[in-house]
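None of the figures in this text is laboratory data; all of them are computed from the coordinates on show. All of these numbers come straight from a predicted model, not from anything done at the bench. Cβ placement follows ideal geometry from the backbone for every residue including glycine, while neighbour counts extend to all protein chains displayed.
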Amino acid sequence: MVGSAAVADRTAATDGAPGAQLAGFTVGITAARRADDFAALLTRRGAEVVQAPAIRLIPLPDDVQLRQATARVISSPPDIVVATTAIGFRGWVEAADGWGQADELLGALRSARVAARGPKVTGAVRAAGLREDFSPESESSVELLEHLLGAGVSGCRIAVQLHGAATEWEPIVDVCSALRSAGAEVIEIPVYRWLPPEDPRAVDALLRTTIDGGLDALAFTSAPAVAAMLGRADDNGLLEPYLAALRGQVLVACVGAVTAAPLTRLGVETFQPSRARLGALARELAEALPARAVQVRAGGRELSIRRNCVVVDGAVREVTPAAMALLRELVRSPGRVVSRTDMLRALPGGSADTHAVDSAVARLRASLGDGQIVQTVFKRGYRLVTEQERR
């Protein structure tokens, strides 16, 4: 919020202006990778962004297990390679390159059939000079596993690039176990691990903000981040109120169905863009959030009432907290007279002087840029002027 002196100075047209599409909305993001890029996409559209990386990615280029697994693949090339994440597959090749073994590794993989879990992984596979033989449209490990088992894997040597650790919130399909049970020899490739953030204070603050109703939307870009937030809420004894917030007032946005899966299992409704990309997710938020704002026509004007501002006929108008509280009270029943006493109760701060209402209404009118939207009803209170009354 800004003071009343600055209110009249900052207006922006929302129509065709990306910088105002998300004005007045607060979005929480939990991304670990490309968090700043995603935040920039949202702030460019006017959003206030609260960042709290829920996880941290620990690459393992010098890990003994990874080097040993890579040596096994080079010495005896696999029949099938399962690539589960783009960052993981790239990390494997980059680690091998750091050891001077990239050419040997890629040479060993060229003779294998490659199963890639989704388009981003496929892109990483192709960037390495390989071609995928199968990639499920659903980006689902279940569909990928069903395809492999359906084709028959008994006697096959299969390298599986792992993607972090499973938790009760993100029960990753145990592809390796299922393949072994079907008669395959499996080489596990542990490229990286997801770990909690070293300092959980930002995550804890985001949890509390979500529960307290301080967010309009919460965005997730990976299933491990979803699992980490759920786990932290559970550790803090806040799981039920956190889930209640996600099922209620907060718009939950996920980059794709795989990311959304842990929340879907818990009855949380989410939405995803048609393409699992950060840019697409930002664009979807820029359309979905304004559609959820309170829309009212008053005083011949179109008002979109958001958390931290009001859009009047397409122009962003910043409003002080007191004035916004009164506007929300008036919007409950456009045209109905709201007494000064009722409006006083709506004011933050617990003032006992009805003159505070008159002052806040004056600031509201100045902020909206039109003194005819809110009408004074002599000795009774105030009301929004409806369209019928303007005619």
### Query
Could you work out the helix-only [θ] at 222 nm for the chain, with each DSSP H run of four or more residues adding -39,500 (n - 2.57) and the total divided by the number of residues, to the nearest 500 deg cm²/dmol?
-12500 deg cm²/dmol
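Sorting Asp204, Asp212 on the 10 Å Cβ count, fewest up front, what's the list? Could the numbers behind the result be given before it?
Details: Asp204 16, Asp212 10.
Placing the least packed residue first, the sequence is Asp212, Asp204.
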### Task
Sort Ser359, Ser222, Ser111 so the one with the fewest other Cβ atoms within 10 Å of its own Cβ comes first.
Ser111, Ser359, Ser222
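What shape does the stretch 294-390 have by the C-alpha gyration tensor, where a ≥ b ≥ c are the square roots of the eigenvalues, rounded means a/c under 1.5, and otherwise prolate means a/b greater than b/c and oblate the rest? Display every interim value, and only then the final one.
Details: a/c = 1.84, a/b = 1.26, b/c = 1.47.
Oblate is the answer for the stretch 294-390, as a/c is 1.5 or above yet b/c matches or exceeds a/b.
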### Task
Under a 10 Å cutoff between Cα atoms, tell me which one of Glu198, Glu48, Glu139 has the largest fluctuation in the Gaussian network model of the chain.
Glu198
## Note on the structure
Taking every DSSP bridge whose two residues both lie in the chain, the antiparallel percent to the nearest 5 is 50
### Task
Can you work out the PRE-style zone for Asp133? Point 7 Å along Cα to Cβ, and I want the residues of the stretch 62-96 with backbone N under 18 Å.
73-74, 76-84
### Query
By count of other Cβ within 10 Å, fewest leading, how are Phe89, Phe38 ordered?
Phe38, Phe89
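Gain in length, Ser359 to Asp199, computed as 0.36 nm per residue apart minus the alpha-carbon separation, to one decimal in nm?
Numbers: separation 160, 0.36 × 160 = 57.60 nm, distance 4.37 nm.
Taking 0.36 nm per residue and subtracting the Cα distance, the gain is 53.2 nm.
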## Note on the structure
For Cα extents along the principal axes in Å, with candidates (1) 90, 42, 37; (2) 63, 52, 42; (3) 63, 50, 47, the value calculated from the shown model is option (1)
